[in-house]
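K.L.:
Mind looking over this structure? Questions follow.
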Amino acid sequence: MKDTDEVLAKLQEFLRTKPILLIETGLSVSMGLPGMGELTECLKSDMPKRCEGNSKLIDEWNACLASIEAYGLEDGLGRCTVSQELLNLIIETTAICIDQKDTQFKRHLISTSRKSFPLAKLIKHIIDSLSPGSPCLNIITSNYDHLIEYACDVYGIHCCTGFSGAHLQRFSHENLVCDLYSLTVIPDKRTTKQDYRKQKQVRLLKPHGSLKWQQIGSETFQCSETIENATRVIITPGLTKYKVSLTDPIMNCHREMANHSVRNANSIMVIGYGFNDSHLQTVLTERLNQGMNGLIVTRHLSHSAKMIVRDYPNIIALEESKAGLTTWYYQKNSGEIPGKLWSIEEFVEKIIG
């Protein structure tokens with residue numbers, strides 16, 4: 001690829017491969033939701049109040065805070081042994097911090113031109129390209145927020161997380177793995193026929209949990225409102241991260257389905273992911289080794305992501321250049337083109353229109 005037109009043509013060609021999506025923190029941050037820095041500040045501000053009056057929790061939090069300040073939120077918590085009581089407080093503070101910005105985004109989306117939401121346009125573009133026999137788009141995310149759900153709502157696309165019901169939705173493995181069917185009228189020269197056909201939908205896989213998931217006793221509900229005395233079903237950075245995701249039945253089911261979708265995908269589009277989570281990328285690297293095509297769109301490629309791009313020439317990658325333009329990588333070559341194709345807004349505008 002040598003010039004802008006060639007890059008654009010290659011990206012359009014990639015989208016025709018009907019990729020599954022892996023959407024991570026970089027997208028949420030670009031939409032105004034908290035990143036690690038803002039979460040850290042929320043924890044610093046809120047946790048002393050939550051631990052007040054409990055000297056044991058205060059000492060435990062202060063030890064965590066020292067580690068966070070030395071190594072960052074993810075690595076810092078990963079170096080601490082955290083009690084379940086303190087972990088619950090960290091989870092609740094994290095959830096509240098993200099939930100506030102998530103709600104602000106939803107209200108803004110409702111009050112503006114909703115169909116200008118670039119993520120919604122991207123999802124609709126891909127799902128419209130799917131064949132009638134396989135009209136389900138798998139999207140994987142470790143984000144707790146609801147940006148993907150909102151994007152689906154913009155175009156009336158059914159978004160399946162495995163939960164069903166009205167106010168207190170319950171999870172079912174069958175709901176997650178099964179296709180969606182509806183009764184369809186089929187035009188015929190002599191008579192009108194009816195048949196059940198697969199319907200377009202997004203299967204949203206959240207192996208790290210979701211803000212809407214709340215546990216009371218041993219039962220987990222999906223509910224848009226905060227349930228009193230319920231525990232949020234999300235995992236935070238730290239030593240318990242993988243243990244919780246493997247032992248929680250819903251997160252584990254989502255993890256297994258995410259792995260299954262990667263194993264069966266022709267290609268994958270990765271948005272805002274630094275390739276620093278071995279939990280998500282073990283199966284992904286297996287498929288890349290088998291020659292699966294990929295596209296990475298992010299503001300800054302992490303060191304791990306650059307190693308992935310180096311090792312797998314079948315990946316196209318876009319990031320911001322030092323001059324604020326776009327650097328592209330493909331087949332061990334790279335170059336710079338005008339514009340900000342590394343941003344989801346301009347990517348959708350230039351590639352989809």
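The values are calculated or read from the model by the stated rules, or taken from the named source; none is laboratory data. Since the structure is predicted, the reported quantities are computational estimates derived from the model, not experimental observations. Cβ placement follows ideal geometry from the backbone for every residue including glycine, while neighbour counts extend to all protein chains displayed. Ligands, DNA and RNA are stripped out before the accessible areas are found, and what is left, the full protein with its side chains, is counted by its heavy atoms. Shrake-Rupley method; radii C 1.70, N 1.55, O 1.52, S 1.80 Å.
K.L.:
What is the ratio of the Cα radius of gyration of the chain to 2.2 N^0.38 Å, where N is its residue count, to two decimals?
P.N.:
1.04
K.L.:
Quick check: at a probe of 1.4 Å, how many percent of the accessible area of the chain sits on carbon and sulfur atoms?
P.N.:
48 percent
K.L.:
OK, next. Would you tell me the accessible area of K115, worked out with a 1.4 angstrom probe on the heavy atoms of the protein chains, in Å² to the nearest 10?
P.N.:
Approximately 120 Å² of K115 is accessible to the 1.4 Å probe.
K.L.:
Over 25 Å between C-alpha atoms is what I'm after, so list which of K124/K198; K44/K101; K49/K101; K206/K322; K212/K340 land there.
P.N.:
Flagged as over cut-off: K206/K322; K212/K340.
K.L.:
Going 7 Å from the Cα of L130 along its beta-carbon direction, which residues of segment 160-187 have the amide nitrogen within less than 20 Å of the resulting point?
P.N.:
From segment 160-187, the list is 160-165, 172-185.
K.L.:
Over the Cα atoms, compute the radius of gyration (one decimal) and Dmax (the largest Cα-Cα distance, rounded to a whole number) for segment 297-353, in Å.
P.N.:
For segment 297-353, the Cα radius of gyration and maximum Cα-Cα distance read 11.0, 32 Å.
K.L.:
On to the next question. Among all helices in the chain defined by DSSP H, which have a length of 27 Å or more along the axis from Cα atoms plus a Kyte-Doolittle mean of at least 1.0?
P.N.:
Passing helices, by number: none.
K.L.:
Below 13 Å, Cα to Cα, which aspartates and glutamates can K332 reach? Residues fewer than 8 away in the same chain don't count.
P.N.:
Within the straight-line limit of under 13 Å, K332 reaches these aspartates and glutamates: D311.
K.L.:
Diagonalise the Cα gyration tensor of segment 141-214 and give the resulting equivalent ellipsoid semi-axes, square root of 5 times each eigenvalue, largest first, whole Å.
P.N.:
In descending order, the three semi-axes are 31, 14, 10 Å.
K.L.:
Give me Rg/Rg_expected for segment 1-114, where Rg uses Cα atoms only and Rg_expected = 2.2 N^0.38 Å with N residues.
P.N.:
Ratio of Cα Rg to 2.2 N^0.38 Å: 1.51.
K.L.:
Hey, another quick one. If ligands, DNA and RNA are left out, what is the accessible area of C42 with a 1.4 Å probe, given in Å² to the nearest 10?
P.N.:
Estimated to the nearest 10 Å², C42 gives 40 Å².
K.L.:
With a Cα-only, solvent-free Debye model of segment 45-92, what are the log10 I(q)/I(0) values at q = 0.31 Å⁻¹?
P.N.:
Log-scaled intensity ratios, in q order: -1.30.
K.L.:
Given the chain, what percent of its DSSP beta bridges are antiparallel, to the nearest 5?
P.N.:
55 percent
K.L.:
With every protein chain left in place, what is the accessible area of D102 in Å² (1.4 Å probe, nearest 10)?
P.N.:
Taking all protein chains as shown, D102 has close to 0 Å².
K.L.:
Given a 1.4 angstrom probe, what's the average accessible area per residue across segment 1-106, in square angstrom?
P.N.:
49 Å²
K.L.:
Can I ask one more? Using r as the Cβ-Cβ distance of Q12 and S55, and R0 as 51 Å, what FRET efficiency do you calculate, to the nearest 0.05?
P.N.:
0.25
K.L.:
So what is log10(I(q)/I(0)) for segment 83-154 at q = 0.22 1/Å, when the Debye sum runs over its Cα atoms only?
P.N.:
For segment 83-154 at q = 0.22 Å⁻¹, log10 I(q)/I(0) is -0.99.
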